1. Within region 213-222, is there a residue that is of a type in the set (A, V, I, L, M), in a loop (DSSP other than H, G, I, E, B) and more than 21 Å from the chain's Cα centre (by Cα)?
2. Looking at region 239-256 only, could you name the residues that are modelled with pLDDT of 95 or more and away from the ligand (no atom under 13 Å from the Cβ)?
3. Quick one: in region 192-210, of everything that is surrounded by fewer than 18 Cβ atoms within 10 Å (Cβ to Cβ) and part of a loop (DSSP other than H, G, I, E, B), which residue is farthest from the ligand (Cβ to nearest atom)?
4. Could you give every pair whose Cβ atoms fall below 9 Å, whose first residue belongs to region 14-29 and is open to solvent by 50 Å² or more (accessible area, probe 1.4 Å), and whose second residue is small (Gly, Ala, Ser) and part of a helix (DSSP H, G or I), counting only separations of at least 6 or pairs across chains?
5. Looking at this structure, is ALA230 in a helix (DSSP H, G or I), more than 16 Å from the ligand (Cβ to nearest atom) and under 26 Å from LEU159 (Cα atoms)?
6. Within region 3-13, work out how many residues are surrounded by 19 or more Cβ atoms within 10 Å (Cβ to Cβ) and part of a strand (DSSP E or B).
7. When both residues are 6+ apart or on different chains and their Cβ atoms are under 6 Å apart, which pairs have a first residue that lies in region 185-197 and is over 13 Å from SER175 (Cβ atoms), and a second that is near the ligand (Cβ under 8 Å from one of its atoms)?
8. Tell me which residues, restricted to region 129-158, are open to solvent by 20 Å² or more (accessible area, probe 1.4 Å) and either touching a Leu at 6+ places or on another chain (Cβ under 7 Å) or of a type in the set (A, V, I, L, M) (or both).
Amino acid sequence: MRKLLIIGIGSGNPEHMTIQAINALNRADALFIPTKGEKKTELAEVRREICARYVTRADSRTVEFAVPVRRTEGVSYDGSVDDWHARIAEIYERLIGSELGEDGTGAFLVWGDPMLYDSTIRIVERVKARGKIVFDYDVLPGITSLQALCASHRIPLNLVGKPVEITTGRRLAESFPARSQTSVVMLDGEQAFRRIEDPDAEIYWGAYLGTPDEIVISGRLADVKDKILATRAQARARMGWIMDIYLLRKGADFEE
Ligand SMILES: C[S@@+](CC[C@H](N)C(=O)[O-])C[C@H]1O[C@@H](n2cnc3c(N)ncnc32)[C@H](O)[C@@H]1O
């Protein structure tokens, strides 16, 4: 039976690769690598470097594929994501069917960890449910951008005994600071932290984590908000793209 390995490759530093991930990489006959267009060639570059550094078997093949752009006009957010996943599922189905032999193994190299704001597992399940190709799959964990953020700032994720929320910029206002003392924000194209006015809030922000371009800023939100906005805008203009994540905190350990 065909086999798929969904491998978490870490969030920018090739040294995030676990030994388990490296071994999985070398079990695959074909490595499926997404290319996301010119702006994010650095991301494709990290994947290529990982292959160059860690793939030791001579007969493994790299298969690059283009990820379609999500259509947003005239559809709801859910409808747009559903349509996008359906189109990616067709690409996966074609890759699995045409690039792998009956007993072949293929690997998807997933940024960070496949369980965190990533739909590879969901889409692979979709392909399985269509039933046109029979295959099995395993998931190998990776270092998330959230772990990279906390490590770079040298902070624990949670306050002692307290919960944590992971959310998107679009939904931040629903939770922080009223409902959550620690909120981690990913996929924030609007810099939602700029609208938080709480005088006690602290922010730990990071961009391009794990890469040579990593930038981190932390402090009382009111004091560093403008600095983060300016730094982010400059970096985005210089690089042509940006990936950033931040943690907002209110309160302290041992405080009810
Ligand atoms: C589609 S999600 C993928 C998350 C990934 N699966 C993970 O485990 O981190 C993309 C978001 O992750 C965050 N992200 C991923 N890599 C990052 C990095 N190296 N530096 C900063 N943020 C990053 C950003 O918030 C970005 O918008």
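1. no
2. LEU248, ARG249, LYS250
3. Among them, the one singled out is PRO199.
4. Pairs found: none.
5. no
6. Within region 3-13, residues that are surrounded by 19 or more Cβ atoms within 10 Å (Cβ to Cβ) and part of a strand (DSSP E or B) number 6.
7. Correct list of pairs: MET186/TYR117; MET186/ILE245.
8. ALA129, ILE133, VAL134, TYR137, ASP138, VAL139, ILE143, SER145, ALA151, SER152, ILE155, LEU157
The values are calculated or read from the model by the stated rules, or taken from the named source; none is laboratory data. Bear in mind that the values here come from a model prediction, so they are computed numbers and not experimental data. When we count neighbours, we look across all protein chains shown, and the Cβ atoms used for this are built from the backbone with ideal geometry, even at glycine. SASA here: full protein model, heavy atoms, side chains in, ligands and nucleic acids out. Shrake-Rupley method; radii C 1.70, N 1.55, O 1.52, S 1.80 Å.
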